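Single-structure report; data block below.
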Amino acid sequence: MLKSVFSFCQVAILLSLWLPQSLASSALAPVVVGEETAYTLSGWMSVYRDETSDLPFTDAVRLYQAGAFEQPATVDPSRTNFGLTSDQIWLALEFSTKAEISERWFFEVAHASLDYVDFYLLEDGEQLAHFRSGDREPFHEKPVRHRNHVFPARLSPDRHYQLFLSVRSAGTLTVPVTLWQEDSLWASDQQTYSALSLYYGVLVALLVYNLFLFFSLRDPLYLTYVGFIACLGVGQAGLSGLTGQFLWPETPWLVHLSPTAGVAAAGVFGALFVHRFLAGTPARLKLGWLMPGLSIAYGVTFLTAILGSYHLAAISVNLISMVLVAGALFLGAVSLLRGEPGARFFVLAWVCFLLGVLVITLHNVGILPSNSFTTNAMLIGSAMEMLLLSLALADRINELQRARVRAQKQALRSRQKVLEVVKENERQLESRVAERTRELEAVNLQLRESQHLLEKQANHDTLTGLANRKLLQDRIMGAKARARRSGESFALVVVDLNKFKQINDTFGHVAGDEVLIAIGNRLGAVPRGSDTVARIGGDEFVLLLEGIHGQDDLDRIETHLARIGDSPIPLSCGTDVRVGLSIGIALYPDDTRDLERLFSLADAAMYRNKQNGKAGSCEV
């Protein structure tokens, strides 16, 4: 198993090193934008490094015209990977357009953690556009609200353009530049978000699962692992631009700190996890100080990133990570040779993480080029590591339990030679072990049921079983996206029970609950499978109906809902009641495109109908 993992990683690294070199060997040709949907521009960029970090744009243009920029001799995509540097990097590119091209294009710098990125587009020396982006800028101030740095451009046919980029960053400075047509950029984003969703889905599942194990077993090892997963997830989110887009869009300083500070915090927990998981191995090798010392070093790096020099912290976290992984791999190998529980999965996990750290570190310092493997090596390695460490924890439990059972059986067999009564004790002990096993299985089943129940309670109303406000909001956002793509409309129907308070006051809250359940069941039978019925509070229900084609559909829905309100509802006390419904309908996009406004219009229409007496009669 170890051999297969090493072979796979070796092939992946060789491919990452060979592919850019094969590209670099192609002859340099002028960039001409035409019918292609995407152009990788990094290999054609001219480069100028300014150690003062304050070179103005006009001076950069003058230096470019004077030939001070380093011109590419061949198409080498790795030429825009500068590693850890505090220099200001200027990139320049001249390109032409063909006679027939699309007008709308986007330039993407696909490295989210850059501090400042200034974009300049010129046509025959005349400036057409200037945009600024970077993780130190609020997300809403970006020229395009995207996790990476994306700049819009309108290109005309048969023209000659000049592109200038000014980039500064206290962390890793790599500038992979791609020119996209609009549809191709969004298609690429879908693939990237699918991969990130899979990664964070695995991360959250492992986090929740091990958190439940901690509450069940009360072993601090699981809580340490949860802290490692959570902090590593924040660090990876910072590297991929998700912290700026989703977590802290209006707090640039947190976005800026998240890659290095997140990985440093993960290192604090990771080193402690290694120390606790391997138990006696570090002590036997007189290395009991190693992992706690690395944990402290990570903590100092974390504080340095927040309070001191971010650039120094970025260098430190890369170096400490290499020491941590190498030390963990060494201690794990010794534990594997000694037959320690869970050591095999532990070694595999840290081999994967070691390769990921090694590749990303060599990439960050400018030794390895930028490509899909090297830039995502930490993501791939950490995902494999988290999965394998979770297996290691499970294997450790099983191995310890098997070892305990074997020791008990051996003791019982030795005592059988002395007294016959020991046989009965052995049977009782085996029975207790079997009972304990059943208890553990029952606990696991209860955990799975509790997890399923929590997921259901988070998205459904506990009384009626209908969707709650949270799930309704998610469904509305999905309906809006589908309506924008298909051009169809959807309706938001607000339904209120007219005399619900009177029923409560007359027959009691139990009867009121019976009415809510009955109305919920009847409303739930109205829509199709793709529609949503939700209870958002008290006696108020909302129906989300997609694929509405005209007023006739709305009239039929309103008539059907009115009949539901006028139908008798049998109560457990033997009485039938009728409760009228007040109905309000708003149509997207006919009434409004704003979702909050859409809900307000439907709610207002419902209250007008209630006040005008259009809700129908109600008998109690």
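Tabulated values for the structure
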read-out: Pick from segment 39-54, criterion of a type outside the set (Ser, Thr, Tyr) and open to solvent by 30 Å² or more (accessible area, probe 1.4 Å), ranking: modelled with the highest pLDDT; value: Arg49
read-out: Single match in Arg556, Arg528, Arg563 (criterion: open to solvent by 70 Å² or more (accessible area, probe 1.4 Å), out of contact with any Gly (no Cβ under 6 Å at 6 or more places or on another chain) and more than 19 Å from Asn609 (Cα to Cα)); value: Arg528
read-out: Any chance Pro143 is in contact with a Pro (Cβ under 9 Å, 6 or more places away or on another chain), closer than 29 Å to Leu84 by Cα and in a strand (DSSP E or B); value: no
read-out: Test: residue in segment 212-219 that is within 30 Å of Ser86 (Cα to Cα), open to solvent by 40 Å² or more (accessible area, probe 1.4 Å) and of a type outside the set (Phe, Trp, Tyr); value: no
read-out: From Ile557, Ile569, Ile583, Ile564, residue being in contact with a helix residue (DSSP H, G or I) (Cβ under 7 Å, 6 or more places away or on another chain), β-branched (Val, Ile, Thr) and farther than 23 Å from Thr462 by Cα; value: Ile583
read-out: Flag if Thr462 is hydroxyl-bearing (Ser, Thr, Tyr), open to solvent by 40 Å² or more (accessible area, probe 1.4 Å), assigned to a loop (DSSP other than H, G, I, E, B) and over 20 Å from Asp594 (Cβ atoms); value: yes
read-out: Of all residues making up segment 149-168, the number that are open to solvent by less than 10 Å² (accessible area, probe 1.4 Å) and either assigned to a loop (DSSP other than H, G, I, E, B) or among the charged types (D, E, K, R) (or both); value: 1
read-out: Flag if Ala73 is modelled with pLDDT under 90, among the small types (Gly, Ala, Ser) and either over 18 Å from Leu163 (Cβ atoms) or more than 33 Å from the chain's Cα centre (by Cα) (or both); value: yes
read-out: Unique match (being at negative phi and open to solvent by less than 10 Å² (accessible area, probe 1.4 Å)) among Leu571, Leu543; value: Leu543
read-out: Conditions (1) more than 24 Å from Phe507 (Cα to Cα); (2) part of a strand (DSSP E or B); (3) at pLDDT below 90; number of the one not met by Ala586; value: (3)
read-out: Check on Ala60, closer than 15 Å to Gln162 by Cα and touching a helix residue (DSSP H, G or I) at 6+ places or on another chain (Cβ under 6 Å); value: no
read-out: Selected residue (only one of Ser486, Ser450 is closer than 26 Å to Glu546 by Cβ and either modelled with pLDDT of 85 or more or within 30 Å of the chain's Cα centre (by Cα) (or both)); value: Ser486
read-out: Yes/no for Val204 being farther than 25 Å from Leu290 by Cβ, hydrophobic (A, V, I, L, M, F, W, C), open to solvent by 10 Å² or more (accessible area, probe 1.4 Å) and touching an Asp or Glu at 6+ places or on another chain (Cβ under 9 Å); value: no
read-out: Matching strands (runs of 3 or more DSSP E) fully within segment 55-138 where at least 2 residues are farther than 30 Å from His256 by Cα, open to solvent by less than 60 Å² (accessible area, probe 1.4 Å) and among the polar types (S, T, N, Q); value: 88-97
read-out: In segment 73-93, the residues that are touching a residue at least 40 places away in the same chain (Cβ under 8 Å) and touching a Pro at 6+ places or on another chain (Cβ under 8 Å); value: Asp76, Pro77, Ser78, Thr80, Asn81
read-out: Lone unmet requirement of (1) within 27 Å of Leu561 (Cβ to Cβ); (2) in contact with a helix residue (DSSP H, G or I) (Cβ under 9 Å, 6 or more places away or on another chain); (3) outside any strand (DSSP E or B) for Arg482; value: (2)
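Results for (1) within 29 Å of His256 (Cα to Cα); (2) part of a helix (DSSP H, G or I); (3) open to solvent by less than 10 Å² (accessible area, probe 1.4 Å), shown as yes or no for each residue.
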{"residue": "Val325", "(1), (2), (3)": "yes, yes, yes"}
{"residue": "Val334", "(1), (2), (3)": "no, yes, no"}
{"residue": "Pro341", "(1), (2), (3)": "no, no, no"}
{"residue": "Arg344", "(1), (2), (3)": "no, yes, no"}
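The values are calculated or read from the model by the stated rules, or taken from the named source; none is laboratory data. These numbers were taken from a predicted model, which means no experiment stands behind them. Using ideal geometry, Cβ is built from the backbone for each residue, glycine included, and neighbour counts are taken over all protein chains shown. For accessibility, only protein heavy atoms count, side chains too; no ligands or nucleic acids. Shrake-Rupley method; radii C 1.70, N 1.55, O 1.52, S 1.80 Å.
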